[in-house]
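The structure appears right after this line, and notes come after that.
The values are calculated or read from the model by the stated rules, or taken from the named source; none is laboratory data. Note that the structure is a prediction, hence the values are computed from the model and not measured. Cβ: placed from backbone, ideal geometry, glycine included. Neighbour counts: every protein chain shown. Surface areas here come from the heavy atoms of the whole protein model, side chains and all, with no ligands, DNA or RNA. Shrake-Rupley method; radii C 1.70, N 1.55, O 1.52, S 1.80 Å.
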Amino acid sequence: MAEDNYSLTTEFILVGFSDHPDLKILLFLVFTAIYLVTMVGNLGLVALIYMEPRLHTPMYIFLGNLALMDSCCSCAITPKMLENFFSVDRRISLYECMAQFYFLCLAETTDCFLLAAMAYDRYVAICNPLQYHTMMSKKLCVQMTTGAYIAGNLHPMIEVGLLLRLTFCRSHVIKHFFCDVLPLYGISCTDPHINELILLVLAGSIQVFTITIVLVSYSCILFTIFSMKSKEGRGKALSTCASHFLSVSIFYGSLLFMYAQPHSVNEGDKDVPVAIFYTLVIPLLNPFIYSLRNKEVINAMKRTMRKR
């Protein structure tokens, strides 16, 4: 009889940062600033790569798509979070919740494959410079980018499809600032162990596959760099890889901590600081990591400003 009295939940309440009402204005201003800078930085980088013919190379095509996915990630999370700072009920429907997770998962999965493609591109450029245009042809670049988007869509389709098998009647409160699957598993009336297992297998497989490509590529790169006799050539080669390696380390480190641990499936509400880092801070940092230390991007910006 007790089970019959349960009503299925079709709306959720995102708790967000309501535990800190005294910091509401400050947090709103900080996250608004992060959102605006993220969108201007990433979309500005996409526009620059599109307008500057000298940047129409595989590395910058991958970088432009990475910036586009970072914008997608920020758009999926931040507007609703900012709205909830001043919302009375902080409600989100089940389908809005799934859409939010879909676009977040799309962005993060596509980023994994794009970062792996960028690592392979640097490997070819440094280890096989004379064969670069043959090994990294425009056709291969398009195929790798298309493959990243296909994989990026397949992963959230599977995860969202599995979410549809769950029913929610225990609670409608999500102790998070966005709809992530881990808090949803915690309030599900249906046993979520199948979902947890598939999430662990899929997320783990994607990260292991792409990280392996990155590690193998950088192992070959470092071996080639330290085999160089010229200090100038060694420094130039290292500088071309430094920004990408920094971005990869930050991105994969936070994702592995969040999703590729068996214990994390039951502790979604305790991982909010890590979630803030990989959903808000990383998209903010990437344009600066790739632009401020990149002479080609800086020179392209100067040329574009002169034309204007």
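From the list V46, V40, V88, which one is aliphatic (A, V, I, L, M), in a helix (DSSP H, G or I), surrounded by fewer than 22 Cβ atoms within 10 Å (Cβ to Cβ) and out of contact with any helix residue (DSSP H, G or I) (no Cβ under 7 Å at 6 or more places or on another chain)?
Result of the check over V46, V40, V88: V40.
Of all residues in the range 187-212, count the ones that are surrounded by fewer than 16 Cβ atoms within 10 Å (Cβ to Cβ) and in contact with a Ser or Thr (Cβ under 6 Å, 6 or more places away or on another chain).
Qualifying residue count, the range 187-212: 2.
Of the residues Y149, Y132, only one is open to solvent by 30 Å² or more (accessible area, probe 1.4 Å), farther than 14 Å from T210 by Cβ and at pLDDT below 95; which?
Exactly one of Y149, Y132 is open to solvent by 30 Å² or more (accessible area, probe 1.4 Å), farther than 14 Å from T210 by Cβ and at pLDDT below 95, namely Y132.
Which one is farthest from V181 (Cα to Cα) among residues in the range 205-243 that are modelled with pLDDT of 85 or more and among the small types (G, A, S)?
S219
List the number of the failed condition for L23; all other conditions in (1) farther than 18 Å from L285 by Cβ; (2) touching a residue at least 12 places away in the same chain (Cβ under 8 Å); (3) of a type in the set (A, V, I, L, M, F, W, C); (4) surrounded by fewer than 21 Cβ atoms within 10 Å (Cβ to Cβ) hold.
(2)
Residues of the range 69-80 being in contact with a Leu (Cβ under 9 Å, 6 or more places away or on another chain), open to solvent by 10 Å² or more (accessible area, probe 1.4 Å) and over 16 Å from I289 (Cβ atoms), which ones?
C72, A76, K80
For the range 260-289, how many residues are within 28 Å of L63 (Cβ to Cβ), more than 13 Å from the chain's Cα centre (by Cα), assigned to a helix (DSSP H, G or I) and at pLDDT below 80?
Summing the residues that are within 28 Å of L63 (Cβ to Cβ), more than 13 Å from the chain's Cα centre (by Cα), assigned to a helix (DSSP H, G or I) and at pLDDT below 80 in the range 260-289 gives 1.
Condition first: surrounded by 14 or more Cβ atoms within 10 Å (Cβ to Cβ), in contact with a Leu (Cβ under 9 Å, 6 or more places away or on another chain) and among the β-branched types (V, I, T). Now tell me which residues in the range 159-181 satisfy that.
Scanning the range 159-181 gives V173, I174, V181.
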